[in-house]
1. Based on this model, can you work out whether ARG132 counts as at pLDDT 95 or above and either surrounded by 16 or more Cβ atoms within 10 Å (Cβ to Cβ) or not hydroxyl-bearing (Ser, Thr, Tyr) (or both)?
2. Within the stretch 109-147, track down each residue that is among the β-branched types (Val, Ile, Thr), closer than 22 Å to GLY165 by Cα and part of a helix (DSSP H, G or I).
3. For the stretch 148-172, which residues satisfy the criterion of being among the charged types (D, E, K, R), exposed (fewer than 10 other Cβ atoms within 10 Å of the Cβ) and assigned to a loop (DSSP other than H, G, I, E, B)?
4. Could you list, ordered by first residue, the pairs with Cβ atoms under 7 Å in which the first is in the stretch 115-143 and in the same structural domain as ALA89 (by TED's automatic domain parsing) and the second is exposed (fewer than 11 other Cβ atoms within 10 Å of the Cβ), at least 6 apart or interchain?
Amino acid sequence: MNFELWRQDDNGNRFLVGSYPDRPAAEGRLAQLARSLHKQTYWIAETRPDAPATKEIIANMTDCDFYCGQILTGRLEVPVHCQNDLLFAFRHTNPIWEHHVVLLPKKHVASLVDLGEEDNELLLELMRTAKRIASEIMAQCGGARVYTNLGEYQSSKHLHWHIGGGRQLRPY
């Protein structure tokens, strides 16, 4: 069993603080944070026994970059949009559009063309989630963009989808 410590800021954004092997370790960190200046909402969530913790997944990766090394490990806190055992989605910290979500698998896959037959369930879950997020954005903005980059256009060599809509905030 693994335990994840989460926090929520005043705007309702959720952040993964860290993953711990047991409840006492998570509660110890929670106690430290409660004494700090960070007066925000914190909670501990148990991960399913049959689902490896995000950090365990990342520890087994040898060819990963920013998304694996910073985002999925919790080293860099990001506003969580949603997640499950297979994927993680967060609100972009430097958005191109008013509503901009990045969706990525927790398993390292370099790009869309690197998915294998064994990744069919993962791809279906990514598409279901992209569809749901795009539908949410379309309801707010009247339209949405869903895309992934490949090859030289891909700045991070970990499969990820950009899902966005609304007013463009900066060039891309």
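The values are calculated or read from the model by the stated rules, or taken from the named source; none is laboratory data. These numbers were taken from a predicted model, which means no experiment stands behind them. No Cβ is skipped: glycine too gets one built from the backbone with ideal geometry, and neighbour counts run over all protein chains shown.
1. Against the criterion (at pLDDT 95 or above and either surrounded by 16 or more Cβ atoms within 10 Å (Cβ to Cβ) or not hydroxyl-bearing (Ser, Thr, Tyr) (or both)), ARG132 qualifies.
2. From the stretch 109-147, those among the β-branched types (Val, Ile, Thr) are 109, 113, 129, 133, 137, 146; that's our starting set.
Remaining after also requiring closer than 22 Å to GLY165 by Cα: 129, 133, 137, 146.
Those that are among the β-branched types (Val, Ile, Thr), closer than 22 Å to GLY165 by Cα and part of a helix (DSSP H, G or I): THR129, ILE133, ILE137.
3. ARG170
4. Cβ pairs passing all conditions: none.
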